[in-house]
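Reading through the structure tokens given below for one structure.
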Amino acid sequence: MRPCQEIRPTRRPVLMGAAAHDFEARAREHLSPEPPGPGEPLSNPRGDHDLDPEGFAVAPHQPHRLAAVLVPILATESGLRVLLTTRAAHLRDHSGQVAFPGGKIDPGDPSPAHTALREAQEEIGLFPDDVRPLGYLDPYLSATGFLVTPLVGLVEPGSPFAPNPDEVAEIFEVPLDHLMDPSRHLVRMRSWQGRMRLYYAIPFGERLIWGVTAGIVHNLYERMFR
């Protein structure tokens, strides 16, 4: 397996179109080049519990299970697109849901970027050298206790993808403009473990992007396009 890189410039140009240049400039201005450290903002991470105006939602208590995901941005002839996956139906956690490539942070991982890039290679066959990391979004705390650190990265045009059937049922793309339209960021409610839960949901054709993934998309909008 090829080694994962930290957040630093690559030796070759990536995504040289005007839209990609604009996106990269926004990311460099608004995203964090360093992962969040203990206590700030990890002591008060974002999550679905932030949507609760009445106080019935309860954030999972520590210790949280640490994870990292890659938010891959692709340049196509029709504009910038975001790569997403559908998780395999047999997985124990979040099976069948729309997700970003990623997974649990191992104790020996030097950074969340390392985890996100390694997991992206394992899940969708994307080599770390084909990604230019741009920065981190805010950590997102799931209702199941995963504290997810998202890394935004630009993907080299023409990079091949190969879904790992043990983890990924499908790879698909969504136009960035669709995801960055705040009118599509719906808030829905459901009963979960005896409590009412509010969560973001973003329809896309017959698919529904919801929960942590939609929350991360909303944070991308807040940080870069609001």
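The values are calculated or read from the model by the stated rules, or taken from the named source; none is laboratory data. This is a predicted model, so every value here is computed, not measured. Every residue, glycine as well, gets a Cβ built from its backbone with ideal geometry; the counts of neighbours run over all protein chains shown.
If you go through the stretch 112-130 and keep only what is surrounded by fewer than 20 Cβ atoms within 10 Å (Cβ to Cβ) and not in a helix (DSSP H, G or I), you end up with G125, F127. Starting from residues that are at pLDDT 75 or above and not in a helix (DSSP H, G or I), keep the ones in the stretch 4-36 and report whichever is surrounded by the most Cβ atoms within 10 Å (Cβ to Cβ). The selected residue is L31. In the condition set (1) at pLDDT 95 or above; (2) surrounded by fewer than 22 Cβ atoms within 10 Å (Cβ to Cβ); (3) under 12 Å from the mean Cα position of the chain (by Cα), R81 is compliant with all but (3). Is it the case that P150 is farther than 20 Å from D48 by Cβ and either modelled with pLDDT of 95 or more or of a type in the set (S, T, N, Q) (or both)? The answer is no for P150. Note on the stretch 160-183: residues that are assigned to a loop (DSSP other than H, G, I, E, B) and over 25 Å from M224 (Cα atoms) total 8.
Of the residues A68, A89, the single one that is touching a Ser or Thr at 6+ places or on another chain (Cβ under 7 Å) and at pLDDT below 90 is A89. One residue stands out among those in the stretch 134-152 that are among the hydrophobic types (A, V, I, L, M, F, W, C) and either in a loop (DSSP other than H, G, I, E, B) or on the phi > 0 side of the Ramachandran plot (or both): the one that is surrounded by the fewest Cβ atoms within 10 Å (Cβ to Cβ), which is A143. Apart from one condition, D177 fits all of (1) under 15 Å from the mean Cα position of the chain (by Cα); (2) of a type outside the set (G, A, S); (3) modelled with pLDDT of 95 or more; the exception is (1).
Select from the stretch 187-207 the residues that are hydrophobic (A, V, I, L, M, F, W, C) and at pLDDT 95 or above and write down the one among them that is surrounded by the fewest Cβ atoms within 10 Å (Cβ to Cβ). Among residues in the stretch 187-207 that are hydrophobic (A, V, I, L, M, F, W, C) and at pLDDT 95 or above, the one surrounded by the fewest Cβ atoms within 10 Å (Cβ to Cβ) is F204.
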